[in-house]
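Written out below as C-alpha cells is the structure these notes cover.
Rule-based calculations on the coordinates, nothing more; no lab input. These figures come from a predicted structure and were not determined experimentally. All Cβ positions, even for glycine, are placed from backbone atoms using ideal geometry, and neighbour counts span all protein chains on display.
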Amino acid sequence: MICSFCHTATVEWKGPMSALTHTECSNCGSTNCQVQDPTEDEQPCPHCGTAVRWKEPECCTCHINPPCSACVNAPLECPNCGEEFHND
Ligand SMILES: [Zn+2]
Ligand SMILES: [Zn+2]
Ligand SMILES: [Zn+2]
C-alpha cells in the first residue's frame with residue numbers, strides 16, 4: 001500500500017495474521033497512513049462531507065430482471081445526515 005506521507009509503497013499490515021491491528025510504513029514509521037483508493041461512485045455530502053452511498057431500493061426486482069428500475073433510479077443517500085440526492 002502507498003504511504004500518504006512519504007508516498008512510497010512500504011505500508012504493510014502489522015499484528016498477528018488472524019487479527020491485524022494496524023498498518024505501518026516501514027519508511028517513515030507512520031501508522032494507518034495508507035492512501036485509500038477512492039471509490040468511483042463515492043462523492044461527499046455537500047452538508048457534512050460524509051461519502052454518500054446508493055440507497056437500498058424498497059421494491060427491488062433484481063432477482064427477476066437485474067438491474068431493476070428501482071436500483072437504477074435509486075437515490076444517493078448520506079449515511080450521516082440522511083440527506084437524499086437524486087441524479088436528475
Ligand atoms: Zn511513510
Ligand atoms: Zn434491484
Ligand atoms: Zn450529510
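Key figures
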quantity	calculated
Cα centre as origin, Lys/Arg/Asp/Glu Cβ charges: the chain dipole, Debye	320 debye
Cα convex hull of the chain, projected area averaged across orientations, nm²	9.0 nm²
Helical contribution to [θ] at 222 nm, DSSP H n ≥ 4, -39,500 (n - 2.57), averaged over the chain, rounded to 500	-500 deg cm²/dmol
Options HIS86, PRO16, HIS47, ranked by Cα towards positive dipole end of the chain, top entry (Cβ charges)	PRO16
Cα point-scatterer Debye curve for the range 39-88, base-10 log of I(q)/I(0) at q = 0.31 Å⁻¹	-1.12
For the chain, with +1 on Lys and Arg beta carbons and -1 on Asp and Glu, the positive-most of CYS68, SER4, ASN27 along the dipole	ASN27
Student exercise, the range 39-88 dipole from Lys, Arg, Asp, Glu Cβ charges, in Debye to nearest 20	100 debye
